[in-house]
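Notes follow once the structure below has been shown.
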Amino acid sequence: MAGVQAVFLAICFPVLAIGLHELTHLAVARITCPISIEHTSLVPLRLRLDFERVPAKATIRMIALAPLLVGSVAAVIAIQTGIWQQIKTADPYYLHHLMIAYWLLYIVPSPADIRLAIWPSAEDAQRVQVNPQ
């Protein structure tokens, strides 16, 4: 049983964190531009969105930094509601260290996310590509 738990913590959670990072980009893009997304392709560890209409630069920035914003809100909620304290006292004793690592893996923007957030160009507005960390 301990071997299954170790495999789950070592392999499944990091893959889940990266997958949720990309799905957060997609969810925010669908919410902010629901009709204008023309094509979505999810190549492993890379998300590509094609827009019919050019979204505003602020919208592109919000899509690029969505995991950072969502992850920060989730951390504040976990601390305020006491969930984090329960994780710190849970077994195995190192679980909270792994959760911090997975949380950082989720929220850290990739170089493409940072580039889109700082310098969104007209080409990026038409075709937004978000790369993994």
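When the range 75-94 is filtered for residues that are assigned to a helix (DSSP H, G or I) and in contact (Cβ under 8 Å) with a residue 24 or more places away in the chain, only Ala75 remains. Number of residues in the range 117-133 that are more than 16 Å from Leu23 (Cα to Cα), aliphatic (A, V, I, L, M) and at pLDDT below 85 equals 2.
Listed by first and then second residue, the pairs with beta-carbon distance under 8 Å, at least 6 apart or on different chains, first residue in the range 107-119 and within 18 Å of Ala56 (Cα to Cα), second of a type in the set (Lys, Arg), are Leu116/Arg61; Ala117/Arg61.
The values are calculated or read from the model by the stated rules, or taken from the named source; none is laboratory data. Remember, it's a predicted structure, so these values are computed and weren't measured experimentally. We place every Cβ from the backbone using ideal geometry, glycine too, and count neighbours over all the protein chains shown.
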